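The structure appears right after this line, and notes come after that.
The values are calculated or read from the model by the stated rules, or taken from the named source; none is laboratory data. Worth saying up front: this structure is predicted, and the values here are computed from it rather than measured. Neighbour counts run over all protein chains shown; Cβ positions are idealised from the backbone, glycine included. Side chains included, ligands, DNA and RNA excluded: accessible areas come from the protein's heavy atoms. Shrake-Rupley method; radii C 1.70, N 1.55, O 1.52, S 1.80 Å.
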4 protein chains.
Amino acid sequence: MRIGVLTAGGDCPGLNAVIRSVVHRAVAGHNDEVIGFEDGFKGLLDGHYRPLDLNAVSGILARGGTILGSARLERDRLREAAENCAELTAKYGIDVLIPIGGEGTLTAARMLSDAGMPVVGVPKTIDNDINGTDRTFGFDTAVGVATEAIDRLKTTAESHQRVMVVEVMGRHAGWIALESGMAGGAHGICLPERPFEIDSLVKMVEERFARGKKFAVVCVAEGARPAEGTMPYEKGIIDQFGHERFTGIGTRLAVELEARLGKEARPVILGHVQRGGTPTAYDRVLATRFGWHAVEAAHAGQFGKMTALRGTSIEMVPLAEGVSELKTVPEGRMYEAESVF
Amino acid sequence: MRIGVLTAGGDCPGLNAVIRSVVHRAVAGHNDEVIGFEDGFKGLLDGHYRPLDLNAVSGILARGGTILGSARLERDRLREAAENCAELTAKYGIDVLIPIGGEGTLTAARMLSDAGMPVVGVPKTIDNDINGTDRTFGFDTAVGVATEAIDRLKTTAESHQRVMVVEVMGRHAGWIALESGMAGGAHGICLPERPFEIDSLVKMVEERFARGKKFAVVCVAEGARPAEGTMPYEKGIIDQFGHERFTGIGTRLAVELEARLGKEARPVILGHVQRGGTPTAYDRVLATRFGWHAVEAAHAGQFGKMTALRGTSIEMVPLAEGVSELKTVPEGRMYEAESVF
Amino acid sequence: MRIGVLTAGGDCPGLNAVIRSVVHRAVAGHNDEVIGFEDGFKGLLDGHYRPLDLNAVSGILARGGTILGSARLERDRLREAAENCAELTAKYGIDVLIPIGGEGTLTAARMLSDAGMPVVGVPKTIDNDINGTDRTFGFDTAVGVATEAIDRLKTTAESHQRVMVVEVMGRHAGWIALESGMAGGAHGICLPERPFEIDSLVKMVEERFARGKKFAVVCVAEGARPAEGTMPYEKGIIDQFGHERFTGIGTRLAVELEARLGKEARPVILGHVQRGGTPTAYDRVLATRFGWHAVEAAHAGQFGKMTALRGTSIEMVPLAEGVSELKTVPEGRMYEAESVF
Amino acid sequence: MRIGVLTAGGDCPGLNAVIRSVVHRAVAGHNDEVIGFEDGFKGLLDGHYRPLDLNAVSGILARGGTILGSARLERDRLREAAENCAELTAKYGIDVLIPIGGEGTLTAARMLSDAGMPVVGVPKTIDNDINGTDRTFGFDTAVGVATEAIDRLKTTAESHQRVMVVEVMGRHAGWIALESGMAGGAHGICLPERPFEIDSLVKMVEERFARGKKFAVVCVAEGARPAEGTMPYEKGIIDQFGHERFTGIGTRLAVELEARLGKEARPVILGHVQRGGTPTAYDRVLATRFGWHAVEAAHAGQFGKMTALRGTSIEMVPLAEGVSELKTVPEGRMYEAESVF
């Protein structure tokens, strides 16, 4: 068999572990050939690829980033790929394409699959918001980075009687905020799934101070929003040219809390630190299993599907299921965490 | 409601997170009272306990160990507890006992439950070998520690053309060896579930050297054993007094590989480093959820059960199911890892 | 001997290690008594203190923050302390005061010392900018946190062909930016000590891209400033109310680089994450040695001095020397780093 | 200028950082050429080398191991090198050789230098026992790894009322044991520099238990030895074939303490985990500075010298000084640590 593999979309710890696993299983396990397209679908369309043998993936298991590069996919060029998918498959002589990517990539994968290309997808997102799989690799690493930051902030907040607002990733789903908030013991957690009540947040902090705990940590997803009309800075800061500038919800919430509480509040914006670097052991194992099962699925002719964690097993689910809707935090999980506002 | 909580058995990162979560949910959520017995069942029998309020569990989420202490349970004294369980329950005025522990503790919990005590168990083991739950807290931390060690050993092994044998915990189940071996990219993995073939291990290393990779890392569970008759040191080292001494499989395997390969091999014994210290974010979240659901189960009168992770949910399963048999690594998972010998 | 100890100023990993070491050396080594004033000089003035014995400092070595609390010192109240220092010393029956703090605290310490109070100072700053000592504890931890962030950002930047701007602490001295920039391999470093040339930064990034390296990481101290007239956003962003808002040099530099390069640039603001949490081994050793030598100095009657690292030894230097001027990065060190702009 | 560089001796975090720094400074700073000999002096003698340009050292700053490999040096072949050093220098057209290594390597470097080869040495040892420099890179990483292990062991020991014996590296000098013992808060520290008194160790543990602290951690350097005649296992364990086996001082001390105390004692042998993997920020900065100054020294014609940290500066000291004697832990430092037995 000849397998094409590519990585597309944002960085995510574990991408290299999947590539390595695909190559190991295919080459050492099945005597397959593997080629890697560079910079995602761009490499597929423009003919930039290279053969991947065991040496090519040596030493990359624990490394962040992707040895194949990645790039944003433009809609037009994707349609071009779908229209020419038979030619592309023939041109590279591949029997299957294994794209590793997030919602956009899997939607593209589905488009190619529908157009007749043999495709096995591998879901990827630090946000853990892809449907059909219990977890995605990269998420555990992101939660770990955010949790370590909260751990460190707590001692500072405590020593200096401050409110700290940590903004973590998660534009549409609040998984990182939920789990790092729980793991770090944040006193308040704000998610995109539920507009937060600034009054309740203020009350919680005041009650803590009344109880003698003279600090608080709030963990807010970048996509969290206050309930309408409750925060003056709702629209962000408009600069002298009339443009809204780099002032996310973390910064605005800190400004607001400081104003209402009359106590110092400080924002911390972790940003891209959450999505790069060495993956945790958990993410390496999940990524490795995804790669292994993607190759097995290819050999079993299970096209149009993607790998998914279900309980302790890796199963194949239709790409359509993975991209049907975003997996957001359900009410029950918010209730469990106690501190979601 | 009045809740008694205790921790028993070996250390496990996340114990304090469960205790904290039980107290948070019970006190802040239900207005319950919580008391903590000291040193496991010993405290229950000897009347050593203390009230646990929010302040008592402040700042312990990320701390290893257990603020309640732990101790080995003696069979006789457990029977004593079972026989007097009505008196004990009455004496402390508790409506439920939440014991947090491994297989032995859960068996004891079941005995008390069968004798009429209202019990909700929380499973705990770094070995991940308790039946009925996808995972247990503590396991992720142990795998993380072992993986970091393998990461570090690889560069040393590579620079100096050596074979490294890492012995990790796991007397009866090889989960830690399997997952840290996969995450660290160990070239050989030996599990208690399958006697390993020393000849195959030797061949694998020789083939690596033949391919120009002048090092290898073998990850061996402390309970792994060679196939019968294949290793002279099978019985361990007998000292001048005729006693077998601290020479686990890791050391013996290194001796054997060095002899057969004619190349330097070095053992590393991580030991108790794997079972202490700050839990990973994953373990803190799982432990916190277990504690929360244990309290909910108590309020719902779901006695004789234990918390369990099933997919993404926490469910209550009968204690009997948890202790019926050890959850060992199935053949399919070994096959996936490729490098199990 | 009866010793008073206090911590003042911002959080700094290692404060608890100093407190513990003072108590260990004094109580176990000299049979002294130790009392700890709460919230810095405030506790000294307001009579808030507690005895510190071996149990009081048990388990705090590796913990961030300070068990004694800290608070900003107001000039007026300090003068009050200086004027009443004989009474204060008598009131608490202390033979020496050991204040642990930064430049402000050491200046206050000097004032008290000049007024006749027996004082032995311990310098503290994550910024490493106190004169008279080779290093201060807390700095190594801060550099470690910033370096790990740069490590993670590099793989993201590389995969996605971006420019990352990391803003680290250092208002007046650029030590953290210099060392984390060197340790993380940042391609550009901007320090408060030298106005940076935005043109040179742009040229460096363009040359990297021309050489096929399609990313760059710039590490900028919060106190770094562009050479006059070279950056339009020099004055920060003015909001709709005419106020400059939370938009540090990191954010502004990212905006500017993106505009000039026509490539995506992203800021990361680590903020207080750098000054809290578990200290590194290096900082724990240095803090422990400082505490030990402070007690010895007290017994030797070396008042008006502070502990200082000189080569491999701890020496006592006059407080006056420590606060005479800020220790900034000398030209030679910038030249060594190569990438300072 | 044409520069030859090689790494020899045991693995040490920071080797790659030195290589990278030499290449950066030489190529980008001076327009030099650099070649790297493979597997230490072997590559020099056998003609195995490769050119090192900026791309060759890209991405290696944070990586453990050495991209050039290393190998043990045989005395005879070294003498061969010394006898032919003029020919070797001419053969490769190098103007200077920069060997990076420990005592053995620096002795060899001195031999070559005395024989007329232009040599600039860079000292390397995780043990920190090279004379003439305040510190060596690799040491901080080793101490960090050992300290993290002690941190983890403490919670386990505390929960389970055990004595833990951690054996760390250091055959002739106890720096790693001293600093990780201090940083981890070990209750006992045993160094090669002073035969330890087992009776005092036993007494210390008993006093701790008497004070209600029901655990203890002892940190022992692999080269530590009990005072003569005080420990029965002094000679190690003799196996059934009459050979002493892998039973270092850590294991023997645990056996002895268990026997004398009547309490469980467990050994942990960290081994090579201490000498591999990603270097700390401290070690990367020191290694980078050493590389930079080695190139400058070469251009200044300062041959027969090695780089050394003195206070905050890098200075050049004669190779003879570096190898004259081992830098062991002085009495004063032991006294400071309080817990050295």
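Extent of chain A along its three principal axes (Cα atoms, max minus min coordinate, largest first): 69, 42, 32 Å.
Hydrodynamic radius of the stretch D:1-102 by the Kirkwood approach over all distinct alpha-carbon pairs: 13.6 Å. Sorting D:SER58, A:SER113 by solvent-accessible area of protein heavy atoms yields D:SER58, A:SER113, largest first, with a 1.4 Å probe. For peptide B:53-62, the mean count of partner chain Cβ atoms within 10 Å of a residue's Cβ comes to 3. Taking every DSSP beta bridge that has both ends in the stretch D:143-275, the antiparallel portion is near 5%. Neighbouring Cβ atoms from other chains, within 10 Å of the Cβ of residues in A:178-185, number 6 on average. Here's the list of lysines a cross-link from D:LYS203 could span, going by alpha-carbon distance under 26 Å and ignoring same-chain residues fewer than 8 apart: D:LYS154, D:LYS213, D:LYS214, D:LYS235, D:LYS263. Charged side chains reduced to their Cβ positions (Lys and Arg at +1, Asp and Glu at -1) give chain C a dipole of some 680 debye around its Cα centre. Its alpha carbons considered, the stretch A:1-40 gives a radius of gyration followed by a Dmax of 10.6, 31 Å. Each peptide in B:252-265, B:204-217 receives the mean, over its residues, of other Cβ atoms within 10 Å, and ordering these scores from highest gives B:252-265, B:204-217. Two numbers describe the Cα atoms of the protein assembly as shown: Rg and Dmax, which are 30.7, 92 Å.
When nucleic acids and ligands are ignored and a 1.4 Å probe is applied, B:THR288 ends up with an accessible area of around 20 Å². Of all lysines in the structure, those lying under 29 Å Cα to Cα from C:LYS305, and not within fewer than 8 positions of it along the same chain, are C:LYS42, C:LYS91, C:LYS124, C:LYS327. Highest GNM mean-square fluctuation among C:PRO226, C:PRO330, C:PRO195, for chain C modelled with Cα contacts below 10 Å: C:PRO330. Dipole check for the stretch A:25-104: with +1 at the C-beta of Lys and Arg, -1 at the C-beta of Asp and Glu, and the Cα centre as origin, the magnitude is about 240 Debye. Backbone N atoms of the stretch A:30-54 closer than 19 Å to the 7 Å Cα→Cβ label point of B:GLU207 belong to residues A:30-34, A:53-54.
Summing Lys and Arg as +1 and Asp and Glu as -1 over all other residues whose Cβ lies under 13 Å from the Cβ of B:LEU326 gives a net charge of -4. Return the tail of the calculated pair distribution for the stretch D:62-108, meaning the percent of Cα-Cα pairs more than 13 Å apart. For the stretch D:62-108, the share of Cα pairs beyond 13 Å comes to 67 percent. Sorted largest first, the spans of the alpha carbon positions of the stretch C:18-177 along the three principal axes are 65, 35, 27 Å. The spacing between the stretch C:57-91 and the stretch B:200-215, judged by their C-alpha centroids, is 63 Å. Note on the stretch C:142-275: Kirkwood hydrodynamic radius from all Cα pairs is 14.7 Å, rounded to one decimal. Surface calculation, 1.4 Å probe, protein heavy atoms: C:HIS299 sits at approximately 80 Å² accessible.
You can think of it this way: the chain between D:THR312 and D:ASP199 has 36.5 nm of extra reach, that is 0.36 nm per residue less the Cα-Cα gap.
Taking Cβ atoms as reference points and 10 Å as the exclusive limit, the residues near C:ASP32 contribute a net charge of 0, counting Lys and Arg as +1 and Asp and Glu as -1. Rounded to the nearest 0.05, the FRET efficiency derived from the C-beta distance between A:LEU326 and D:ARG79 at R0 = 51 Å is 0.10. If you look at the Cα atoms of the stretch D:139-183, you get an Rg and a Dmax of 11.0, 34 Å.
For the stretch B:264-312, taking the reciprocal of the average inverse distance between every pair of different Cα atoms yields a Kirkwood hydrodynamic radius of 13.8 Å. The distance from the alpha carbon centre of the stretch B:129-197 to that of the stretch A:143-192 is 31 Å, rounded to a whole number. Charge dipole of the protein assembly as shown (Cα centre as origin; +1 on each Lys and Arg Cβ, -1 on each Asp and Glu Cβ, all else neutral): 0 debye, rounded to the nearest 20. Think of the stretch D:143-275 as a dipole: +1 on every Lys or Arg Cβ, -1 on every Asp or Glu Cβ, centred on the Cα centre; then among D:MET169, D:ALA254, D:ALA265, D:ALA265 lies furthest on the positive end.
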